[in-house]
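Comments concern the structure below.
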Amino acid sequence: MVLKILVTPRSLTEAPHPAVEAMIGHGLDVIYATPGKLPSEAELLRLVPDITGWLAGVEPVSPRVIASARKLRVVSRNGTGLDNLPLTDLKARGIMVRTAEGANARGVAELAIAMIFSALRHLPYTDQGLKAGNWPRRRGIEFFGRTVGVIGAGAVGGTVARLASAMGAKVLAFDPARPELGIDPSHFRWATHEEIFRQADIVTLHCPPSRDGQPLINVEVLKTVKPGLILVNTARASLVDELALVQALDEKRVQTYCVDVFDPEPPAHPGLASRPDVIASSHIGGYTEESVDRATEMAISNLLSALGMEQAAAAI
């Protein structure tokens, strides 16, 4: 019997990836979701009944979908986040869950840094003004000597902290695990959330959502931030209370919100992304040639190993 593998990440459905196609050569039947789009629950319900393995992206997966996947043995994410999956239902069924740890860390970290520089130098404002036939000039701020707060210092946040420190910023970081980041202590220290929000010129989020589902950035937090804050979110939309953020932007307590993640995706228009004090991108943090390759190869290797195809996994 040929095992069926469902592929749903947008980066893999919009164009064939060699590592995905290689599974066909190992005798697997590869099924793709609609190219370049997050599959709906209705589409997933149609696709999952006969699949054995699932190469999954960030699409929301309901318990109903898992209940319909009667033959499913493993879900392999092409990233690290699992908040889109009904983990309780998967565990109850004994379905294995695998993640591609750190595969897209550099891509996401570099986007966060790019967004920070765009905000400091008002690049979207200048670009749009020139395209409109104007000669816009708004005084910027240099990155060197700024205080950067990093919430979550795992693979992505740790990379951001190292890059920021190397470019002359003072880094304050929060992470319960406090991993060794190899940063000169003269440019780095661990801090509490409260210290970071009070002292940082820039705060960048690289943490999972809270277990209770409450946003990390809320009305109370935004009342304590250093005026003119640049806030960067390449992690999860649910980390930020959007209504509280809009108020903080209107009151200029937050100068610029840089965001790569929305709920839903794509977001409603006009909305937060249409504001001139928001720099927005369409969930492209891990969407680089290198990150896609690393994440895809790791996710497929994890999937094949979970299915007992170690020799095929080693060949990916």
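The values are calculated or read from the model by the stated rules, or taken from the named source; none is laboratory data. None of these values were measured; they are calculated from a predicted model. Here Cβ is always computed from backbone atoms with ideal geometry, including for glycine, and neighbour counts include all displayed protein chains.
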What are the residue pairs meeting all of these: first residue in the range 6-26, first residue touching a residue at least 40 places away in the same chain (Cβ under 8 Å), second residue assigned to a loop (DSSP other than H, G, I, E, B) and of a type in the set (Val, Ile, Thr), Cβ atoms under 7 Å, and 6 or more apart or on different chains? LEU6/VAL48; LEU6/ILE51; ALA19/ILE316; ALA22/ILE316
For the range 31-46 the number of residues that are free of Cβ contacts under 8 Å to residues at least 60 places away in the same chain and outside any helix (DSSP H, G or I) is 9
Among the residues of the range 272-282, what is the count of those that are touching an Asp or Glu at 6+ places or on another chain (Cβ under 9 Å) and over 18 Å from ILE116 (Cβ atoms)? 2
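Out of PHE174, PHE117, which single residue is modelled with pLDDT of 95 or more, outside the structural domain of LEU303 (by TED's automatic domain parsing) and surrounded by fewer than 18 Cβ atoms within 10 Å (Cβ to Cβ)? If you could, list the steps in order and put the result at the bottom.
Details: PHE174 fails: surrounded by fewer than 18 Cβ atoms within 10 Å (Cβ to Cβ).
Step by step, each of PHE174, PHE117 is checked, and only PHE117 is modelled with pLDDT of 95 or more, outside the structural domain of LEU303 (by TED's automatic domain parsing) and surrounded by fewer than 18 Cβ atoms within 10 Å (Cβ to Cβ).
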Determine which member of the set VAL261, VAL278 is in contact (Cβ under 8 Å) with a residue 24 or more places away in the chain and under 26 Å from ASP212 (Cα atoms). VAL261
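Which residues, taken from the range 145-172, are under 19 Å from PHE117 (Cα atoms) and among the small types (Gly, Ala, Ser)?
We begin by selecting, within the range 145-172, every residue under 19 Å from PHE117 (Cα atoms); these are 145-151, 156-172.
Residues satisfying the conditions are GLY145, GLY149, GLY157, GLY158, ALA161, ALA164, SER165, ALA166, GLY168, ALA169.
Is there a residue in the range 238-246 that is among the polar types (S, T, N, Q), assigned by TED's automatic domain parsing to the domain that holds ALA119, within 23 Å of LEU38 (Cβ to Cβ) and touching a residue at least 12 places away in the same chain (Cβ under 8 Å)? First the steps, then the outcome.
Within the range 238-246, the subset among the polar types (S, T, N, Q) is 238.
Among the residues that remain, those that are also assigned by TED's automatic domain parsing to the domain that holds ALA119 are: 238.
Imposing the further condition that a residue be within 23 Å of LEU38 (Cβ to Cβ) reduces the set to 238.
When the remaining residues are screened for being touching a residue at least 12 places away in the same chain (Cβ under 8 Å), the result is 238.
Yes, the range 238-246 contains a residue that is among the polar types (S, T, N, Q), assigned by TED's automatic domain parsing to the domain that holds ALA119, within 23 Å of LEU38 (Cβ to Cβ) and touching a residue at least 12 places away in the same chain (Cβ under 8 Å).
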Restrict the check to the range 142-163 and report whether at least one residue is farther than 30 Å from SER274 by Cβ, without any contact (Cβ under 8 Å) to a residue 24 or more places away in the chain and hydrophobic (A, V, I, L, M, F, W, C). no
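Residue check: is THR126 more than 16 Å from the chain's Cα centre (by Cα) and farther than 19 Å from ALA280 by Cα? Even if it seems obvious, please write down each step before you answer.
Numbers: more than 16 Å from the chain's Cα centre (by Cα): yes; farther than 19 Å from ALA280 by Cα: no.
So THR126 fails the test.
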